[in-house]
């Protein structure tokens with residue numbers, strides 16, 4: 001993925017403004033600081049323990065300049081949103097990948113009250129089948145609020161389902177019923 005991203009940066013003349021790194025924020029901060037942090041595509045939800053989540057946010061905070069903003073895109077488990085899909089294989093369609101037809105199937109179930117298991121099966125016309133298994137942890141709004149504040153962030157706000165007209169202050173009493181984006185400033 002880093003190689004593909006680098007090719008796109010070069011193609012679009014963005015190499016002076018963007019840096020690509022393979023870095024684990026659970027283990028350490030970056031050696032330099034930045035003015036903005038984006039944690040997209042549910043990346044934070046792949047951290048399965050509150051300890052790893054705290055370490056991640058602490059090291060991200062160390063890697064940001066004072067007053068910098070952080071945005072996190074957090075998921076909501078499919079089986080909680082659509083209980084009828086729990087434990088069932090769902091056909092997600094047919095795709096062309098490098099001149100091959102690939103059928104994608106998706107299976108989701110809750111392992112416990114916080115953890116979704118997802119299996120993605122890729123079936124090729126040749127009969128070959130590949131599966132990818134991932135686990136993602138639900139992080140509720142009140143939980144991410146506490147984590148952000150304890151890591152040195154303030155003024156958390158959120159939007160549900162990318163509806164930016166409904167920007168809301170993240171208070172401890174908000175229910176978590178869908179994916180959301182939360183932003184906060186480093187203090």
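The values are calculated or read from the model by the stated rules, or taken from the named source; none is laboratory data. Predicted, not measured: the structure shown is a model, and the values here were computed from it. Please note: Cβ atoms are built from the backbone with ideal geometry, for glycine as well, and neighbour counts cover all protein chains shown.
Results, tabulated for the structure shown:
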item	result
Pick from the range 47-77, criterion over 14 Å from the mean Cα position of the chain (by Cα) and over 19 Å from residue 24 (Cβ atoms), ranking: surrounded by the fewest Cβ atoms within 10 Å (Cβ to Cβ)	67
Residue within the range 132-144 that is free of Cβ contacts under 8 Å to residues at least 60 places away in the same chain, surrounded by 19 or more Cβ atoms within 10 Å (Cβ to Cβ) and either in contact with a helix residue (DSSP H, G or I) (Cβ under 6 Å, 6 or more places away or on another chain) or part of a strand (DSSP E or B) (or both) present	no
Criterion: assigned by TED's automatic domain parsing to the domain that holds residue 51, in contact with a strand residue (DSSP E or B) (Cβ under 7 Å, 6 or more places away or on another chain) and free of Cβ contacts under 8 Å to residues at least 40 places away in the same chain - qualifying residue of 119, 104, 170, 148	170
Residues located in the range 22-46, provided they are more than 17 Å from residue 65 (Cβ to Cβ), free of Cβ contacts under 8 Å to residues at least 60 places away in the same chain and within 17 Å of the chain's Cα centre (by Cα)	22, 23, 24, 26, 40, 41, 43
Residue 26 being touching a strand residue (DSSP E or B) at 6+ places or on another chain (Cβ under 7 Å) and closer than 20 Å to residue 150 by Cα	no
Residues of the range 104-131 that turn out to be more than 18 Å from residue 83 (Cβ to Cβ), more than 18 Å from the chain's Cα centre (by Cα) and surrounded by 13 or more Cβ atoms within 10 Å (Cβ to Cβ), as a count	6
Flag for residue 27 being touching a helix residue (DSSP H, G or I) at 6+ places or on another chain (Cβ under 8 Å) and either surrounded by 11 or more Cβ atoms within 10 Å (Cβ to Cβ) or over 17 Å from residue 135 (Cβ atoms) (or both)	yes
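Quick grid of which residues meet (1) in the same structural domain as residue 152 (by TED's automatic domain parsing); (2) more than 21 Å from residue 184 (Cβ to Cβ); (3) part of a loop (DSSP other than H, G, I, E, B):
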position	(1), (2), (3)
4	no, yes, no
8	no, yes, no
15	no, yes, yes
18	no, yes, yes
21	no, yes, yes
35	yes, no, no
38	yes, no, no
